[in-house]
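Just below is one structure, and these are the notes that go with it.
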């Protein structure tokens, strides 16, 4: 019984740590305006309508990655969560270096893939442990 409760506690702590990374997805409502303002300095033709595609793009790639069972059958939970966290962090760092709205779209797609890996395995862990 003690081993199962320790495993459950570690899963909850790991889930909270992953949620710190995954939670950065929901800051795009506030940061999208600043990103478009920055990109407007580089290309004056960019307007606010370019930002409307960012959040749905993340959700699209998140859903596509979550539905790919061959990825989930080959990776362990720890490896998939680590890989997803690395992809999401790399996408956030890549956006910092951008000078094109299309590169932002590419980085947000990468962020969605990482999010799909993390969320899918976190859902499976909570299902099997509890």
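Observations, loosely collected:
To keep it simple, each residue is scored yes or no on (1) in contact with a helix residue (DSSP H, G or I) (Cβ under 8 Å, 6 or more places away or on another chain); (2) crowded, with 22+ Cβ neighbours inside 10 Å; (3) touching a residue at least 24 places away in the same chain (Cβ under 8 Å); (4) assigned to a loop (DSSP other than H, G, I, E, B).
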position	(1), (2), (3), (4)
79	no, no, no, no
82	no, no, no, no
88	yes, yes, yes, no
95	yes, no, yes, no
102	no, no, no, no
105	yes, no, yes, no
112	yes, yes, yes, no
116	yes, yes, yes, no
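- Of all residues making up the range 35-70, the number that are over 16 Å from the mean Cα position of the chain (by Cα), farther than 12 Å from residue 104 by Cα and surrounded by 17 or more Cβ atoms within 10 Å (Cβ to Cβ): 1
Taken together, the values in this text are just the output of simple stated rules run on the coordinates, not laboratory data. Note that the coordinates shown come from a computational prediction; the quantities given were computed from them, not determined experimentally. Please note: Cβ atoms are built from the backbone with ideal geometry, for glycine as well, and neighbour counts cover all protein chains shown.
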